[in-house]
Amino acid sequence: MRGDIISAKDFSRVELQDFFDKVSAIKKEAKEGNLPQCGKGKALMTVFLEPSTRTRLSFQLAMIRLGGEIVDFGQESETAIAKGESFEDTIRTLDELSPDIIVLRSDEPYSTSRAAEIARAPVINAGDGSNEHPTQALLDAYTILDSVGRLDDLRIAMVGDLKYGRTPSSLCYLMAKFNNVTTYFVAPEDLQIRDDVTGSLDRMKWHKCDRLDEVPEPIDVLYVTRLQRERMPYIMRKQTSPEKYMITPEYVHRSPHAPIIMHPLPRIGEISTEVDSLPQAKYFDQVRNGLFVRIALIIDLLGFK
Ligand code: NCD
């Protein structure tokens, strides 16, 4: 596919279709216990300068499932960053140790593209502040394809903190590659999608709404996100998820054409746990698909066909 994975904008439609076919093949091979052991003798380095559960562990497990090894950077407080080492020197140092892939998460927008300029090893952006999370977008789009059966002709509603979240922007960049996709951005004004994101959505039709009940039916996908309190100015942090944005079984049953319900997780009360057992709930499928998507990415970056 490519060297570094930095932005969801960098994928073409043809590449995405080809990639999702590979993910489906890997899913089947994993079920049959038949994954290629192309990771043998290779090392993947995970560098998470922000908290992570799903992304870090699924990259690590993906490499292990391919017979490879992992090295984890550990807590920032236990490394030379805590002594004041610069980001550039840290990346240079990690790269000098010759990992085969570096998976990097940081709280600073565009830091992973800076890292990719420094490192010879391919760098995967595992989240750069509020900017992007391209591998989450790949697993989100794959889950839509798997559940709805198509990526063209879709109507999507994105709900929650669209300003500070990085998964809505990346998913929009991917979905903008497909035909006839309309997205409704549902958020209060101070958490609405950023202009730099909508400015890059040439082929996508989009509308901003304040409430979920303003979104005209039918909707195929409801994509819910949490408040990113850690990125908000202090004064905004006390905000609680307003009730009008909470997804309950009543909402799902009221909706005549019940959309699938997605969330990158973690959820902090945005979706009632009573929704979990409904067939529309896909957020744990996203987690499962994330492993297969990351296996496919690693196979690609290691140059294995
Ligand atoms: C997301 C992230 O880190 O951006 N989580 C994830 O990787 N699945 C979403 C979030 O933290 O809200």
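None of the figures in this text is laboratory data; all of them are computed from the coordinates on show. Since we're looking at a predicted model, the values are computed, not measured. Neighbour counts run over all protein chains shown; Cβ positions are idealised from the backbone, glycine included.
Please state the relative contact order of the chain as a whole percent: Cα pairs under 8 Å, 6+ residues apart? All intermediate terms of the calculation are to be shown ahead of the outcome.
On the way: 557 pairs, mean separation 58.6, N = 305.
It comes to 19 percent, rounded to a whole number.
Rounded, prolate or oblate: pick one for the range 149-212, where a ≥ b ≥ c are the square roots of the eigenvalues of its C-alpha gyration tensor, a/c under 1.5 means rounded, and failing that, prolate if a/b is larger than b/c, else oblate.
Numbers: a/c = 1.91, a/b = 1.52, b/c = 1.26.
Taking the square roots of the gyration eigenvalues as a ≥ b ≥ c, the range 149-212 is prolate.
Given 164, 121, 187, which one lies farthest toward the positive end of the charge dipole of the range 102-211, if we put +1 on the Cβ of every Lys and Arg and -1 on the Cβ of every Asp and Glu?
121
Lys and Arg at +1, Asp and Glu at -1: add these up for the other residues within a Cβ distance under 15 Å of residue 227 and post the number. Walk me through the intermediate numbers first.
Numbers: positive: 163, 166, 226, 229, 231, 237, 238, 244, 267; negative: 161, 189, 190, 230, 243, 270.
Residues close to residue 227 contribute a combined charge of +3.
If you line up the long axis of helix 283-301 against the longest principal axis of the chain, both from Cα atoms, how many degrees apart are they, to the nearest 10?
Roughly 40 degrees between the two axes.
Percent of Cα-Cα pairs more than 24 Å apart in the range 173-266, please.
Tail of the P(r) past 24 Å holds 26 percent of the pairs.
Please give the net charge around residue 87, taking every other residue with its beta carbon less than 10 angstrom from that of residue 87, where Lys and Arg add +1 and Asp and Glu add -1.
-2
Within the set 163/244; 27/282; 42/305; 83/238; 27/177; 9/205, which residue pairs have Cα atoms separated by over 21 Å?
83/238; 27/177
Please give the direction-averaged projected area of the C-alpha convex hull for the chain, in square nanometres with one decimal. Present the calculation step by step, with values, prior to reporting the outcome.
Working: hull surface 62.7 nm².
For the Cα atoms of the chain, the hull's average projected area reads 15.7 nm².
How far, in degrees from 0 to 90, does helix 13-31 lean away from the longest principal axis of the Cα atoms of the chain, to the nearest 10?
The angle comes out at about 80 degrees.
Return 94, 201, 57, 297 ranked ascending by Cβ neighbour count within 10 Å, so the fewest neighbours appear first.
Final ranking by Cβ density, sparse to dense: 57, 201, 94, 297.
Enumerate the calculated ³J(HN,Hα) couplings along the range 175-183 in order (Karplus 6.51 cos²θ - 1.76 cosθ + 1.60, θ = phi - 60°), each rounded to whole Hz, writing x wherever the residue is Gly or Pro.
For the range 175-183, the Karplus-derived couplings read 5, 5, 7, 9, 8, 6, 9, 10, 10 Hz, x marking Gly and Pro.
At q = 0.13, 0.15, 0.17, 0.31 Å⁻¹, what is the log10 ratio I(q)/I(0) for the range 248-305, with the Debye formula run over Cα points and no solvent?
Log10 of I(q)/I(0), two decimals: -0.46, -0.55, -0.63, -1.26.
For the range 184-196, just list the computed ³J(HN,Hα) in residue order, Karplus coefficients 6.51, -1.76 and 1.60, θ = phi - 60°, integers in Hz, with x standing in for Gly and Pro.
Rounded to whole hertz, the list is 9, 9, 10, 6, x, 3, 6, 10, 6, 3, 6, 5, 5.
Roughly what angle does helix 134-148 make with the longest principal axis of the chain, taking Cα atoms, 0 to 90 degrees, to the nearest 10?
Taking the Cα atoms of the chain, the angle to 134-148 is about 50 degrees.
So what's the net charge close to residue 182: Lys and Arg +1, Asp and Glu -1, counting the other residues with Cβ under 12 Å from its Cβ? Please list the in-between numbers first.
Values: positive: 155, 203, 205; negative: 152, 153, 220.
It works out to a net charge of 0.
If you take the square roots of the eigenvalues of the alpha-carbon gyration tensor of the range 1-83 and sort them as a ≥ b ≥ c, do you get rounded (a/c under 1.5), prolate (a/b over b/c) or oblate?
Verdict is oblate for the range 1-83.
For the range 112-127, in order, what is each residue's ³J(HN,Hα) by Karplus, 6.51 cos²θ - 1.76 cosθ + 1.60 with θ = phi - 60°, in whole Hz (x at glycine and Pro)?
For the range 112-127, the Karplus-derived couplings read 6, 6, 5, 4, 5, 6, 7, 7, 7, 5, x, 10, 10, 6, 9, x Hz, x marking Gly and Pro.
Using Cα pairs under 8 angstrom and six or more residues apart, how large is the relative contact order of the range 10-152, in percent?
Once normalised by length, the contact order is 19 percent.
For residue 71, enumerate residues with amide H under 5 Å from its amide H, sequence gap 5+ or separate chain, H modeled in the peptide plane.
Answer set, sorted by chain and number: 44, 45, 46.
Which percent, to the nearest 5, of DSSP beta bridges fully inside the chain are antiparallel?
So the antiparallel bridges amount to about 5 percent of the total.
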